[in-house]
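Engineer: Below is a structure I'd like to ask you about.
The values are calculated or read from the model by the stated rules, or taken from the named source; none is laboratory data. This one's a predicted model, so the numbers in the text were calculated from it and none came from an experiment. Methodologically, a virtual Cβ is constructed for each residue, glycine included, from the backbone with ideal geometry; neighbour enumeration extends over all protein chains shown. Calculation scope for accessible area: heavy atoms of the full protein, side chains included, ligands and nucleic acids excluded. Shrake-Rupley method; radii C 1.70, N 1.55, O 1.52, S 1.80 Å.
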Amino acid sequence: MTKTFAVNNLGCAHCGAKIEEAISKIEGIESAVLNFPLKKLNVNGEFNEDTLVIMNEIARSIEPDVEIIPAEHAHRHNGHSECEHEHHHHEHSECGHEHHHHEHSECGNEHSHGHSHSHEGKESIVPELLPLISGTVLFAAAVISAHILDIFPLSIVLYAAAYLILGADILLSAFKGIRKGNFFDENTLMSVATIGAFAIGEYAEAVGVVLFFRIGELFEDIAVSRSRKAITDVAALRIEEADILTDGEFVRTHTDNILTGDIIRVKTGERIAADGVVESGESRIDTSAVNGEPVPLTVRTGDSVMSGCINLADTITVRATYPADESTIAKIAKAVENASSEKPKIDRFVTRFAKIYTPVVIAAALLTAVIPSLITGDWSKWIHSALTFLVISCPCALVLSVPLAYFSAIGAASKLGILFKGGESVETLGKVKAIAFDKTGTLTDGSFTVTDVRSFGKLSAEQLLTICGSCEQTSSHPIAQSIAERCRLDGIALSAPERSGEIAGRGLSADLSGNSVLCGNERLMRENSIRLPEIESISGCIVYVAVNGNAEGMIVVSDTIKKTAASAVKGLGRLGVKTSMFTGDKPENAQITGEKLGIDYIRGGLLPEAKLSELSALREKFGAVMFVGDGINDAPVLAGADVGGAMQSGSDIAIEAADAVFMNSEPESVLRAKRIADKALRISYQNIIFALAVKAAVLILGLLGHPNMWLAVFADSGTAMLLILNSVRILNTKKYL
């Protein structure tokens, strides 16, 4: 059983990692995953009435002001009533629907230490700016009085006042932590370091450390909030109320009550509340929030529409094909939030590293303070070095910035209509060097159209279409329907044949206007001793037309290539990715389509098990591989790939088996996903290397007897700020278009 909790007043990413580990060790709990940016905790296991109490006790022993509450309670604290509306013919009013629990994980009074404030608006920044500004002014006055005016007693008073204003929260949190027996959190270590600096007369460094620590936190909070907003914006697309047809009139009703078949009125400027089919009216809808498509879509009666899209023009009515909580936008919100809680492997490495890093640095600080001092007698110098170690002993720069890179990647992708099902999917896609595509429905539209009509003799193209369309119009075969549809579009009048009969696997025979007609493949023609002219290789299905024993022409029916397929394949090639196409279509058709697109490896005539074998061969050659498909028969290959990608237009089974879903069903989304994943992986490595290099430099300087607390605070707060800003660069979606 999995439950979701809101985690209020959590300010430190490192403390969050400790809370996550401790809760996962509670008896009956199988796993716990804490999402620091969203302040959410997903716990899987057995729960009883004492479990939440134990979880809170553990959390507060690590960070005193933390509060863990069920997600639904967090929602209600925000003033939303979940039972305000009842639908007409529905007798039940369901309170606390799970899909309602997504957008309010940051509720409550988020005030603790460090990284605890949320900055969704200017009002929330002001309380943190006031002490920061006043403390900075006092710090500047202290520096002036000490080094320019040379008023030593006044400077000490000003330094102390600046320190208390800037560091009050830190000192208070340190005191609470020590009372709980937590001597090694970031507040306690920062307090010891700065008080120690005061004790040895390094007043400016002590205040400077606290000042830049607070500035770093402010930037971190803003960056985290920006990344969080990318996720909550998706959740906010869900509609709370809609006009539902009830007893002949439209009534404003909560969307929780929408059921399949309900008629929804969507006015100009409103979002569509549930997936459905346009019942009446014509309009243009903005689908960009759902699938990333910037061009509005014109819809008419009978067209399908997705929830979350905005009606731009005239009022329309929509017949719901799914309840609101099963519609596209609800699935998107759920998928994105679940994805943001699944950690990539590199994040798990950072968490394990952090558990070792802090104790090692603290031990090094103690040894540095004692051993060289005993040898040299210069206690002030070596204590100063030890204090610099304490400043950089918290690994928050890594613990927050690395998962934030993947969190931002998931948010950026969702804005482009790409749903990753976890950070590990993003990480693995970043390592992929080969991508295999299914053909039909993935690289092509999956719908047959007449692409060529050729006459072998006296009949015109229109006459061939008339003859074939008349004979094929009653057939349910997709190829026959495409020919009949072409005739309808061209305004060609069709006649009813006197006799018509299908021949399985070959085509059909008919009597039309006193003539004997055969429409079908080459095998049908050979079996009836009809000679065919030599023709070059053609992509598509060829329907030959023979009248009274003579071949009169042929009609080519093809599955059209998607508009972005060629550019996507080319773009992947520029990224160094090898492309393959696995299809059950005839090898000759596969070859023609693959060559048009510039695919590197083309394999046709494959059954699902053969696709798996080809996928294994591709993995042996290039390493991690992605497969993109859309059909039911693609599910085994999607599950077997390192990363599976499914087109939203495909089967539910394929979408369920995939690690990523492309909402606009265009190959260009695969290219965009790859670019986002590459950037996330690259930034995570940059963050790790930079953070460790800077911290190592400070440690080495300290061990060599060159302590510098200014450099230490840069290695801590400054580095964290830079790395977090580096992580949220991923949110700039324009770079992936």
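Engineer: Note the angle between two axes, namely the Cα long axis of helix 396-415 and the longest principal axis of the Cα atoms of the chain, as a number of degrees from 0 to 90, rounded to the nearest 10.
Structural biologist: Its long axis makes an angle of about 30 degrees.
Engineer: Can you tell me the 0 to 90 degree angle between the C-alpha axis of helix 719-728 and the longest principal axis of the chain, rounded to 10?
Structural biologist: Taking the Cα atoms of the chain, the angle to 719-728 is about 20 degrees.
Engineer: Order the peptides 709-722, 298-311, 606-619 from the highest to the lowest mean number of other Cβ atoms within 10 Å of their residues.
Structural biologist: 709-722, 298-311, 606-619
Engineer: Can you give the accessible area per residue of the chain, in Å², using a 1.4 Å probe?
Structural biologist: Values: 30930 Å² over 737 residues.
I get 42 Å² per residue for the chain.
Engineer: Let me ask something else about it. Please give the contour-minus-distance gain from GLU46 to GLU536: 0.36 nm per residue of separation, less the Cα-Cα distance, rounded to one decimal in nm. Intermediate values should be presented prior to the final figure.
Structural biologist: On the way: separation 490, 0.36 × 490 = 176.40 nm, distance 6.69 nm.
Length gained between GLU46 and GLU536: 169.7 nm.
Engineer: Can you give the translational diffusion coefficient of region 455-573 in µm²/s, computed by Stokes-Einstein from the Kirkwood radius over Cα pairs at 4 °C and 1.567 mPa s?
Structural biologist: 85 µm²/s
Engineer: Under 24 Å from the Cα of LYS735, which lysines turn up, not counting those fewer than eight places away in the same chain?
Structural biologist: LYS229, LYS415, LYS421, LYS431, LYS433, LYS562, LYS563, LYS570, LYS578, LYS674, LYS679
Engineer: Here is a further query. Hey, got the dipole for region 258-299? About the Cα centre, +1 on K and R Cβ, -1 on D and E Cβ, debye to the nearest 20?
Structural biologist: Dipole of region 258-299, to the nearest 20 debye: 120 debye.
Engineer: With unit charges on the beta carbons (Lys and Arg positive, Asp and Glu negative) and the dipole taken about the Cα centre of region 325-458, which residue among GLY377, ALA436, ALA412 sits farthest to the positive side?
Structural biologist: The residue sitting most towards the positive pole is ALA436.
Engineer: Still on this model: Please give the calculated 222 nm ellipticity per residue for the chain, where each DSSP H segment of at least 4 residues contributes -39500 (n - 2.57) and the sum is spread over every residue; nearest 500 deg cm²/dmol?
Structural biologist: -15500 deg cm²/dmol
Engineer: For the chain, which whole-number percentage of the solvent-accessible area (1.4 Å probe, protein heavy atoms only) is attributable to carbon and sulfur atoms?
Structural biologist: Numbers: 17450 of 30930 Å².
C and S atoms contribute 56 percent here.
Engineer: Here's another thing I want to ask about it. Mind pulling the angle between the C-alpha long axis of helix 461-472 and the longest principal axis of the chain? Nearest 10 degrees, somewhere in 0 to 90.
Structural biologist: 90 degrees
Engineer: Next up: What order do LYS18, LYS39 take when sorted by accessible area (1.4 Å probe), most exposed first?
Structural biologist: From most accessible down to least: LYS18, LYS39.
Engineer: A follow-up question, please. Can you give me the solvent accessible area of ASP150 with a 1.4 Å probe, rounded to the nearest 10 Å²?
Structural biologist: My reading of the accessible area for ASP150 is about 120 Å².
Engineer: Roughly how many debye, to the nearest 20, is the charge dipole of region 396-537 about its Cα centre, given +1 on each Lys and Arg Cβ, -1 on each Asp and Glu Cβ, and no other charges?
Structural biologist: Dipole of region 396-537, to the nearest 20 debye: 340 debye.
Engineer: For region 355-394 and region 682-706, compute the distance between their C-alpha centroids and round to whole Å.
Structural biologist: 16 Å
Engineer: I need to check one value: relative contact order of the chain, counting alpha carbon pairs closer than 8 Å and at least 6 residues apart, in percent. Each step should come with its number before you reach the end.
Structural biologist: Numbers: 1534 pairs, mean separation 91.8, N = 737.
12 percent.
Engineer: Here is a follow-up. Per the Kirkwood formula on distinct C-alpha pairs, the Rh of the chain is how many angstrom?
Structural biologist: One decimal place: 29.8 Å for the Kirkwood radius.
Engineer: What list of ³J(HN,Hα) values in whole Hz, one per residue of region 439-454 in order, does the Karplus curve 6.51 cos²θ - 1.76 cosθ + 1.60 (θ = phi - 60°) give from phi, with Gly and Pro shown as x?
Structural biologist: In residue order, the calculated couplings are 8, 5, x, 10, 8, 10, 6, x, 10, 7, 9, 6, 10, 7, 10, 10 Hz.
Engineer: Let me spell out the model: positive unit charges on the Cβ of Lys and Arg, negative unit charges on the Cβ of Asp and Glu, origin at the Cα centre of the chain. What dipole size does that give, in debye rounded to 20?
Structural biologist: On the way: 65 positive and 90 negative charges, 581 e Å.
It comes to approximately 2780 debye.
Engineer: Between region 534-585 and region 445-486, how many Å separate their Cα centres?
Structural biologist: Centre-to-centre distance over Cα atoms comes out at 17 Å.
Engineer: Let me ask something else about it. Taking a temperature of 25 °C and a viscosity of 0.890 mPa s, what whole-number D in µm²/s does Stokes-Einstein yield for region 605-705 with Rh from Kirkwood over alpha carbon pairs? Each step should come with its number before you reach the end.
Structural biologist: Values: Rh = 15.9 Å.
Value of D from the Cα-based Kirkwood radius: 154 µm²/s.
Engineer: Order these peptides, 264-275, 405-416, 530-541, by their mean beta-carbon neighbour count within 10 angstrom, highest first.
Structural biologist: 405-416, 264-275, 530-541
Engineer: Semi-axes of the equivalent ellipsoid of region 168-229: what are they in whole Å, largest first, if each equals the square root of 5 times a C-alpha gyration tensor eigenvalue?
Structural biologist: Computed over region 168-229, the values are 24, 17, 7 Å.
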